[in-house]
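Worksheet: the structure to be examined is printed underneath.
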């Protein structure tokens, strides 16, 4: 790790790809997402488990189909290939919490996210905003490192959701 305040790049595994749910995900090499690397962390009396898979959600499952409706597959791949998908890590973390519905009632879910910068994501949203007037703004790019209650995390589709679910900032030393 570099000096305090220094960023570190995490190379994507490939261009963003659509998941089975329709979300557009930028998958990351798990080794590039260290630190932190502890398998479990205790925060505010709760044990959260480290994820095995890391990604940035470029477009959630509601927006992914809208993108596919705008571009045919070859044009979409050309568009994605022309953008910068490097992930610049900021080593700035937040603890998030949210009650999520389940088959047996609500479940308390928690996540630790790292705020990152993804130039390609910002550029893609700008491109889409030009073509679709009501397209929402780019959500806060982040990577989920730890979870409790839902292995998929909290879901942060926009800045309002981040503010609503944010419990507190986390120092990287708390994740050691």
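Just a few scattered comments:
- For the stretch 137-155, the candidate set comprises residues that are farther than 22 Å from residue 67 by Cα and in a loop (DSSP other than H, G, I, E, B); within that set, the residue that is farthest from the chain's Cα centre (by Cα) is 149.
- Any hit, the stretch 156-170, residues being over 14 Å from the mean Cα position of the chain (by Cα), surrounded by 15 or more Cβ atoms within 10 Å (Cβ to Cβ) and in a loop (DSSP other than H, G, I, E, B): no
- Yes/no for residue 52 being over 15 Å from residue 149 (Cα atoms), in contact with a helix residue (DSSP H, G or I) (Cβ under 8 Å, 6 or more places away or on another chain) and surrounded by fewer than 12 Cβ atoms within 10 Å (Cβ to Cβ): yes
- Top-ranked residue of the stretch 78-136 - restricted to ones that are in contact with a strand residue (DSSP E or B) (Cβ under 7 Å, 6 or more places away or on another chain) and farther than 21 Å from residue 162 by Cα, ranked as surrounded by the most Cβ atoms within 10 Å (Cβ to Cβ): 85
No value in this document is a laboratory result; all are computed from the given coordinates. On a predicted model such as this, the values are computed, not experimentally measured, just so you know. Glycine gets a Cβ as well: all are built from the backbone with ideal geometry, and neighbour counts include every protein chain shown.
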